[in-house]
Amino acid sequence: MAMTLYHGEPNGPSLTVLATLFEKGVEADLKRIDLASGERHTLPFAKDTEVALSIEGEGPVLVVDGTPMTDALYVAMYLDEIGGGPSLQPPGALGHWDVLVWARFVAERLAPAASTLGTRAYLAPRLAGRSKADVDAMIARIDSVDLADRWRAVAANDYPEEQVADSHRKLKLVTERTEKALENSDWLLGDFSITDLEVYGWLASMPLLSAAAFADTPKTKAWMERVKSRPSVQKALALATIEEATQYWAPGPEHSRWG
Amino acid sequence: MKVVLYHWEPNANSGKPMLTLVEKGVEFESHYLDLLNFDQHKPEYLKINPQGTIPAMTHGDIVLTESTAIMEYVDQAFEGPRLMPDDPVERWRVRWWMKFMDQWLAPSFSMIGWSVFVGPSVRERDPEELKAAIDRIPLPERRIAWNKAIYNKFSAEEMAESQRRVALGINKLEEALSKRPWLAGNSYSLADINAFNLAYALPLSQPDLSNDEKTPHIMEWLRKVYERPATQKTWAMGKTAMVARVKILERGAN
C-alpha cells in the first residue's frame, strides 16, 4: 500500500494526523506543504471533490493508492483501523459514538473558533506582508468558492467584532466540556484516543489567544501538557520548520451559517 | 435491551436512524414528536434529551443523540446487514460524505425549505404562543436558528449562497454516483441512507436542477433506494404530505 501524507506545519489538523500516524506506527511518505501559502491548491488532485470541498478547509491530505483523503479526524480513524498497536478509540459501538459526537462538536465549535482567532493573529499579518497581486493570484487558484471567501476575509483583515466574540464564547464551551471530561480521567474519553489528538491540535495555541476561556481550567491545562509530552506528538512537533508551530494557521472550517 | 426512538417524520435528521434501524431489522418503540408543534422542547422530552434536539434514541439505559453518530452506533451495536463497507478507504468516504451533507449541503437545503415551506405554515400560529415556544428552546444556537427560520430572517445573500450550494451539491452527487454504484463505493451504506433523507424530494423541490435528463444517476439511485423494502416501511411511518412526496420516485411517476 503506497501512502503519502501532505501536511502543513505540526499544528491543527496536520498535527492530529501526523501524531496518529506515529502512534500507530504506519509508514507513509511525508511531504511538507505550505498550507498558509495555499500550496494545497497546486497539488495534482486539488480539484477532487473530497479535497476541494473538505469541510475542514486547509487540512492535510493522505493519499492511499491514489485516493486523496481529507478531514483529519476521519483520516485518523482510518489510520487507527489499519495501523498496529492498541486501538485509539474507546471500545464498542458506544465508544465510537463518543468519538463521533466529539468530532461534531469540534467541527462546529472548536475548529471554526480556533481558526478565526488563529488566522487573525498569525495569517492576516503574514498576508499583509505580501503583494496584493500575489495574494489574489493565490486565491484565484482555489476551487471552493466559500473557502476562497474565507481566504479573502483574512487578506482583508475582515474579522467582525461579533465573530471574534462568538469565537471566544465557543472556546469557553470547549474548555467547559474538556474540564468536565477530565474530571475523573487523564484523557478525554477515558483511555488516550484520537479525540485527544484532535482537540489538542486545534487548542494548542488558544491559551495565548483566548486566555479567558482557560481561566480556572487546571485539568485542561494539565491535559494539554500530557498530550504535548507524548512521544508521537513530540515527533510531530520536531518536524516543524518554524520556531512556533502553534502560530501556523490557514483558514479552517466556517462558522455555522444558521447562527 | 429495549430500543426507543424519538423522531419526527422520515425526513432529514429523523429519517436517518429510522431507516438505519429498519434496514438492520432492529425492533424499536417509536415516539413521534411533532417538530412544528415544538414537541421536542416540552419538559417530558427534555428529560430524555436536555438539548431538545431530535432525533434521540435510548438503548437500555444509554441515551444517544446526533443522527449521524446514532446511525454508526446502530450499525455497530446490532446484528443484521452491515451498512459500513469492509474496505477502510470506503469507510472513510462514507464519513466524509456524511459530514459534507450534514454541515454543508443540508443546512442550505433546509434554509430554502424553511423559507418557502415550513416558515409560512408555522407563522400562521398565534404570535404570542410562537414567541413563548421559541423562548423555551434550550440551546442558544438552536434558538437563533429557529428564530431565523420562523420569521424568515434570511438575507438575499444567504439565500443565494444556499441556492449556489444546492446546485453545486447536486452536481457533486451526480458526479459521485456516475463513478460508483452507491454514494461511497460498491455497497449500499449509511452514506446512501443519509443522502436519501436529504435528496428524496429533489425532483419536486429542484426540478430544474435534478431530473432524468440532467441528473440520470441521481434519479436512478433515488429510485433504487426507494424500492428497498426498508425504505417503503420507513416512509409508511410518515404522517404528513411533506414525506408523501417520496411517491415521485415510483417508476413512471413523471
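Looking at A:43, A:30, A:21, which is the one that is crowded, with 21+ Cβ neighbours inside 10 Å, at negative phi and more than 14 Å from chain B (Cβ to nearest Cβ)?
When all the criteria are applied, what remains is A:21.
Please return the ranges of helices (runs of 4 or more DSSP H) entirely within segment A:194-235 where 2 or more residues are surrounded by fewer than 17 Cβ atoms within 10 Å (Cβ to Cβ).
A:218-228
Looking only at segment B:64-80, decide whether some residue is more than 9 Å from chain A (Cβ to nearest Cβ), of a type in the set (S, T, N, Q) and surrounded by 17 or more Cβ atoms within 10 Å (Cβ to Cβ).
There is at least one residue in segment B:64-80 that is more than 9 Å from chain A (Cβ to nearest Cβ), of a type in the set (S, T, N, Q) and surrounded by 17 or more Cβ atoms within 10 Å (Cβ to Cβ).
Name, by its number, the condition in (1) under 18 Å from residue A:141 (Cβ atoms); (2) within 20 Å of the chain's Cα centre (by Cα); (3) within 12 Å of chain B (Cβ to nearest Cβ); (4) of a type outside the set (Val, Ile, Thr) that does not hold for residue A:71.
Evaluating residue A:71 over (1) under 18 Å from residue A:141 (Cβ atoms); (2) within 20 Å of the chain's Cα centre (by Cα); (3) within 12 Å of chain B (Cβ to nearest Cβ); (4) of a type outside the set (Val, Ile, Thr) leaves (1) as the failure.
Looking only at segment A:78-98, count every residue that is more than 7 Å from chain B (Cβ to nearest Cβ) and either surrounded by fewer than 23 Cβ atoms within 10 Å (Cβ to Cβ) or within 14 Å of the chain's Cα centre (by Cα) (or both) and tell me the total.
12
Check segment A:182-192 and report whether any residue there is within 14 Å of chain B (Cβ to nearest Cβ) and not hydroxyl-bearing (Ser, Thr, Tyr).
yes
Does residue A:164 fit the bill of being more than 21 Å from residue A:94 (Cα to Cα) and in contact with a Leu (Cβ under 6 Å, 6 or more places away or on another chain)?
When the stated conditions are applied, residue A:164 does not pass them.
Spot the failing condition for residue A:254; the list is (1) part of a loop (DSSP other than H, G, I, E, B); (2) within 18 Å of the chain's Cα centre (by Cα); (3) without any contact (Cβ under 8 Å) to a residue 40 or more places away in the chain, and only one is missed.
Residue A:254 satisfies all of (1) part of a loop (DSSP other than H, G, I, E, B); (2) within 18 Å of the chain's Cα centre (by Cα); (3) without any contact (Cβ under 8 Å) to a residue 40 or more places away in the chain except (3).
Without any contact (Cβ under 8 Å) to a residue 40 or more places away in the chain and outside the structural domain of residue A:127 (by TED's automatic domain parsing), is that true of residue A:19?
no
Take segment B:1-59 and flag every residue that is closer than 23 Å to residue B:129 by Cβ, among the hydroxyl-bearing types (Ser, Thr, Tyr) and touching a helix residue (DSSP H, G or I) at 6+ places or on another chain (Cβ under 6 Å).
Residues satisfying the conditions do not exist here.
Test residue A:134 against the criterion of being in a helix (DSSP H, G or I), surrounded by fewer than 20 Cβ atoms within 10 Å (Cβ to Cβ), touching a residue at least 60 places away in the same chain (Cβ under 8 Å) and not β-branched (Val, Ile, Thr), and give yes or no.
Taking the combined requirement at face value, the residue does not satisfy it.
So, in segment A:46-62, exactly how many residues are away from chain B (no Cβ under 14 Å) and closer than 19 Å to residue A:112 by Cα?
Adding up the residues that qualify gives 1.
Can you tell me which residue is farthest from residue B:28 (Cα to Cα) among those in segment B:45-55 that are away from chain A (no Cβ under 12 Å) and surrounded by 15 or more Cβ atoms within 10 Å (Cβ to Cβ)?
Within segment B:45-55, the match that is farthest from residue B:28 (Cα to Cα) is B:52.
The values are calculated or read from the model by the stated rules, or taken from the named source; none is laboratory data. All values derive from a computational prediction rather than experimental measurement. Methodologically, a virtual Cβ is constructed for each residue, glycine included, from the backbone with ideal geometry; neighbour enumeration extends over all protein chains shown.
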